[in-house]
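Read the structure below first, then the notes.
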Amino acid sequence: MDFASAFPKATHSEWREAVDRVLKGADFEKVLVGRTADGIAIMPLHPRRADAGPIAGARGANRWRITARLDDPNAERGNGLIHDDLLGGADSIALTFAGSPQARGFGLRDASSPSVTACRVQRWMSISGCSRWPISQ
């Protein structure tokens with residue numbers, strides 16, 4: 001959800017009028033404009049370039065993911081836990097196998113075990129790389 005779209009766009013002149021009201025007659029340049037050691041003015045507000053796009057890796061550049069961690073070695077219990085997480089809003093799953101550095105003493109059984117079956121998730125979900133752990137609909 002884009003919360004910013006719920007508010008009207010403010011113009012620079014509207015912002016400046018609001019600032020002048022707050023300053024109550026004080027000099028804008030003296031109060032809000034900073035200066036570098038060599039005298040270059042640092043303005044308090046810089047407009048965004050019209051052609052500016054999101055910066056890769058910057059906050060807000062990519063949509064947030066809600067990731068559920070699946071590390072329970074008990075298939076039945078893990079299946080129930082991950083099912084609840086998916087129904088509760090998770091949109092991705094981090095599979096943690098026993099013996100991996102992230103397992104912290106837990107972890108899924110060996111993925112090559114014949115007792116571990118194929119993933120099945122609801123139609124609106126997709127799990128990349130998931131082919132050997134049971135997740136029921």
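Quick note: the coordinates plus some simple rules give every number you see, no bench work behind them. Keep in mind it's a predicted model, so treat the numbers as computed, not measured. Ideal geometry is used to build each Cβ from the backbone, glycine not excepted, and the neighbour counts take in all protein chains shown.
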- Message: Looking at the calculated P(r) for the stretch 10-52, what percent of the C-alpha pair distances fall above 17 Å?
- Response: 43
- Task: Output ³J(HN,Hα) for the stretch 77-89: one whole-Hz value per residue in order, computed from phi by the Karplus curve 6.51 cos²θ - 1.76 cosθ + 1.60 with θ = phi - 60°, and x for Gly and Pro.
- Result: 5, x, 4, x, 5, 5, 4, 4, 4, 5, 5, x, x
- Item | At most 11 other Cβ within 10 Å, DSSP loop - chymotrypsin sites (Phe, Trp or Tyr not before Pro), the stretch 14-111 | Trp64
- Task: Select from the stretch 75-109 those trypsin sites (Lys or Arg not before Pro) which occupy a DSSP coil region and have at most 14 other Cβ atoms within 10 Å, ordered by residue number.
- Result: Arg104
